[in-house]
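The values are calculated or read from the model by the stated rules, or taken from the named source; none is laboratory data. Remember, it's a predicted structure, so these values are computed and weren't measured experimentally. Cβ: placed from backbone, ideal geometry, glycine included. Neighbour counts: every protein chain shown. Ligands, DNA and RNA are excluded from the accessible area calculation, which covers all protein heavy atoms including side chains. Shrake-Rupley method; radii C 1.70, N 1.55, O 1.52, S 1.80 Å.
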Amino acid sequence: MKKTSNKLLFGNLKLMACAAILAAMSIVLGKLLAFNLTPVIRISFENLPVILSGIFFGPAVGASVGIIADLLGSLMVGYAINPIITIGAGVIGLCSGTVSSFFQKKNLLSVILAVSLSHLLGSVLIKTAGLVFFYDMPFGATLLWRLLTYLAIGVAECLIIYLIVKNTALDRQVKSMLQTGKTCHSDNCHAMTYSEALQYIHSVSWKGSRPGLERTTELLEKMGNPQDKLKFIHVAGTNGKGSFCAMTANILKCAGYKVGLYTSPFVLRFNERMKINGEDIPDAELAKITEYVKPFADSMQDAPTEFELITAIAFEYFSRQKCDVVVLECGMGGRLDSTNVIKKPLLSVITGISFDHTAFLGNTIPEIAREKAGIIKQNCPVLFCSDNTEAAKIIKAKADECGSDYFEVDRSSFTLKATSLDGSIFDFYDYKNVNIPLLGSYQPHNACNALAAVNLLNSCNFRIPVRAIYDGLATVQWRARFEKLSDSPVIISDGGHNPEGIDAAIESVKLYFPNQKVILITGVMADKDYSYMAQKMSEVASTAFCVTPDNPRALSAEDFSKVFESMGVSAVPCESVESAVNAAKQKALEENKPIISLGSLYMYCEIFNAMQRTERRAQS
């Protein structure tokens, strides 16, 4: 109870301070900086702060500012208090606040209506009545002169107020102050820390996946729509979209652009989800922006999901940092994914279509393709990166419906020239001897997708030099996608977590370790087709060390090991990832075999940390 009262007190103090400043401004403008034409006609902007107080803080505060400014101003300069004029001043703030409350988003129309009705009722009708009564002037002539005067003043005030509310940075700060202390989370009201930000983001109040754009749209509206200031390359797809995003973002960075990158999930640290020019969002910045977004999210009757909240935080971060372009990865699907609130991307990319999240996206390729194609917008070019003709038909039809140019990646000129555990070299059309450090048989194809996207961007007023393209691909980093973690023994971790991802990973194992069996460390989610995944892994595995990934959806190590045993593969259920790593390393050194970690992105962090701990113990 004490915390709540302190929050309210702090919020009220901020509100009172803002109201006092606006009242003081009104006094200065009306009593000290006014230009008197006649005893009843004068040029003054005293009502400007009163109207602003109504627009930003509501009718009650607007009326209070108007009344207080008139009373104190009269006393300060020795004017006799005219109660009718005081009422008129209050009506101006009341009216501006009431009119603004009917508009969810402040625009020129809302400003014109607020100013016009405020002056018509308060300045022209009520205040004129007070002046006529006080000075015994003819009502008709006085009313006409004041109507003409406030018509001119109102035009100027409309322009000034519109410029103020159009400045969303200022608008956001005012909105934040309206949240009556909701950013205060202790008795002493301190700034949110990084750990508090993560705790809030991962709070139990954000439950599950709930497809739909309504909550994201509402939250971003409250924040002033930071995404509308940005340019996007929007990327959907079942597999390959993360690698494509990383490659494209790094090419643009090497070309001199300030590039935001939004991906999910993270593998080592939450901050990886939003990067600028390859650098994770700093802890302090994440805490600051989360604290800013929190009151808006808390004020929503239908609370946003965790992914929707994170998306809003990312948009705000990229907007504040004035990114030239943002490479934006869909979380799930496309049509109802929260990233799909963006209006007009520079390019819509769909990397591939396969079976995943079928409970949400559908059980057939056409159904899933329709969901992915939902990111296509009117008159925005579309790049499809798969050879799935069934999906291509759906996506092209959607592009045609939207009047958007449709392109496919043609790999007929692709030639793989060399591949090893150090990377790959390939040719693609005019690009010769392209080098990428990322492992996996699928990564050269992902690089071709990025090259095709770059060519389209260069035809849309981008300036991406050839040198930047080569450098961007040669220096790209992307964790947990057939990533080599150790040389002795060789340990590779891949986050393949659905049938297509596992197919690609097994193809890569066969490419790098032909005619050789490998040792597996594996764990999967219970809602995946783990029987098929185990069947594919059994093609290359001699032994499987099974673990239970740190996720509520995980399949137990015991149950997964039984699946492998039924397929003729020796399987060992392990109590922890660290014990699995240690046992696998010992067996790999004894049998001179590589270790492959497969089945879940969630397991990568545990594998990585277990190896770090083992290495530190060996060095001590």
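Could you work out how much longer the chain between residue 459 and residue 531 gets when fully extended? Use 0.36 nm per residue separation minus the Cα distance between them, nm to one decimal.
Details: separation 72, 0.36 × 72 = 25.92 nm, distance 4.57 nm.
Roughly 21.4 nm would be gained on extension.
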Quiz item: Which longest uninterrupted range of the chain lacks any GluC sites (Glu not before Pro) assigned by DSSP to a loop state (not H, G, I, E or B) and surrounded by at most 16 other Cβ atoms within 10 Å?
Solution: 1-538
Quiz prompt | Residues listed by number, the stretch 583-620, amide nitrogen under 20 Å from residue 558 label point at 7 Å toward C-beta | solution = none
Quiz item: To the nearest 10 square angstrom, what accessible area does residue 430 show with a 1.4 Å probe?
Solution: 140 Å²
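Rounded, prolate or oblate for the stretch 316-428? Axes are the square roots of the Cα gyration tensor eigenvalues, ordered a ≥ b ≥ c, and the cut-off for rounded is a/c under 1.5.
Details: a/c = 1.55, a/b = 1.18, b/c = 1.31.
Taking the square roots of the gyration eigenvalues as a ≥ b ≥ c, the stretch 316-428 is oblate.
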Practice problem: Describe numerically, in nm with one decimal, the distance between label points set 7 Å from Cα along Cα→Cβ at residue 507 and at residue 107. | Solution: 4.8 nm
Practice problem: DSSP loop (so not H, G, I, E, B), at most 12 other Cβ within 10 Å: list which chymotrypsin sites (Phe, Trp or Tyr not before Pro) in the stretch 412-448 pass both filters. | Solution: none
Quiz item: With each label point set 7 Å from Cα along the Cα-Cβ vector, what nm distance links residue 60 and residue 539?
Solution: 6.8 nm
Practice problem: Using the charge dipole of the chain (Lys, Arg: +1 at Cβ; Asp, Glu: -1 at Cβ; taken about the Cα centre), state which of 347, 336, 230 has its Cα farthest towards the positive end. | Solution: 230
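Over 19 Å between C-alpha atoms is what I'm after, so list which of 253/417; 432/484; 231/377; 258/322; 231/275; 229/322 land there. Kindly include the intermediate steps, with their values, before the conclusion.
Working: 253/417 27 Å; 432/484 26 Å; 231/377 14 Å; 258/322 8 Å; 231/275 15 Å; 229/322 8 Å.
The answer is 253/417; 432/484.
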Quiz item: Out of the stretch 436-487, which trypsin sites (Lys or Arg not before Pro) are coil in DSSP terms and have no more than 16 other C-beta atoms within 10 Å?
Solution: 463
Quiz item: Which of the following values of mean projected area of the Cα convex hull in nm² was calculated from the structure shown: (1) 34.3; (2) 36.7; (3) 29.6?
Solution: (1)
Practice problem: Would you rank 248, 419 by solvent-accessible area, highest first, keeping every protein chain in place and using a 1.4 Å probe? | Solution: 419, 248
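Which length gain, in nm to one decimal place, applies between residue 231 and residue 565 when the Cα-Cα distance is subtracted from 0.36 nm times their residue separation? Let's see the in-between values first.
Working: separation 334, 0.36 × 334 = 120.24 nm, distance 5.11 nm.
Net length gain for the segment: 115.1 nm.
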Quiz item: Helix 283-298 versus the longest principal axis of the chain: what angle, 0 to 90°, nearest 10, using Cα atoms?
Solution: 60 degrees
Quiz item: Roughly how many Å is it from the Cα centre of the stretch 304-328 to that of the stretch 542-620, as a whole number?
Solution: 35 Å
Practice problem: Return, ordered by residue number, the residues of the stretch 64-90 whose backbone nitrogen is under 15 Å from a label point located 7 Å along Cα→Cβ of residue 24. | Solution: 69, 72-73
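Given a Förster distance of 22 angstrom, what is the FRET efficiency for residue 612 paired with residue 488, based on the Cβ-Cβ distance and rounded to 0.05? List each step's numbers first, then the result.
Details: r = 16 Å, r/R0 = 0.72.
FRET efficiency, residue 612 to residue 488: 0.90.
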Exercise. Would you work out the charge dipole size for the chain about its Cα centre, treating the Cβ of every Lys and Arg as +1 and the Cβ of every Asp and Glu as -1, and quote it to the nearest 20 debye?
Key: 1640 debye
Self-check item: Pair residue 551, residue 155: separation of 7 Å Cα→Cβ label points (nm)
Solution: 6.3 nm
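For the chain, what's the relative contact order in percent, using C-alpha pairs closer than 8 Å and at least 6 residues apart? Write down the numbers at each step before the final one.
Details: 1152 pairs, mean separation 59.2, N = 620.
Rounded, it is 10 percent for the chain.
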Quiz item: If one takes the longest principal axis of the Cα atoms in the chain, at what angle in degrees, from 0 to 90 and to the nearest 10, does the Cα axis of helix 108-118 lie?
Solution: 30 degrees
Self-check item: Selection from 619, 55, 201, by position along the positive dipole direction of the chain (Cβ)
Solution: 55
Practice problem: Take the alpha carbon gyration tensor of the stretch 214-366, find the square roots of its eigenvalues, order them as a ≥ b ≥ c, and report rounded if a/c is under 1.5; if not, report prolate when a/b exceeds b/c, else oblate. | Solution: oblate
Quiz item: What FRET efficiency do you get for residue 195 and residue 80 if R0 is 45 Å and r is their Cβ-Cβ distance, rounded to the nearest 0.05?
Solution: 0.15
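Given the -39500 (n - 2.57) contribution per DSSP H run of 4+ residues, what per-residue ellipticity at 222 nm results for the chain, rounded to the nearest 500 deg cm²/dmol? Walk me through the intermediate numbers first.
Numbers: 23 runs with 310 residues, N = 620.
Using -39500 (n - 2.57) per qualifying helix, the result is -16000 deg cm²/dmol.
At a Förster distance of 41 Å, what's the computed FRET efficiency of residue 515 paired with residue 367, Cβ-Cβ distance as r, to 0.05? Each step should come with its number before you reach the end.
On the way: r = 40 Å, r/R0 = 0.97.
So, using R0 = 41 Å, E works out to roughly 0.55.
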Exercise. If a/c stays under 1.5 just call it rounded; otherwise compare a/b with b/c (prolate if a/b is bigger, oblate if not). Do that for the stretch 354-495, with a ≥ b ≥ c from the square roots of the Cα gyration tensor eigenvalues.
Key: oblate
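Need the full-extension length gain, residue 145 to residue 301, defined as separation in residues times 0.36 nm minus the C-alpha distance. One decimal, nm. Mind dumping the intermediate values first?
Values: separation 156, 0.36 × 156 = 56.16 nm, distance 4.81 nm.
Full extension from residue 145 to residue 301 adds 51.3 nm.
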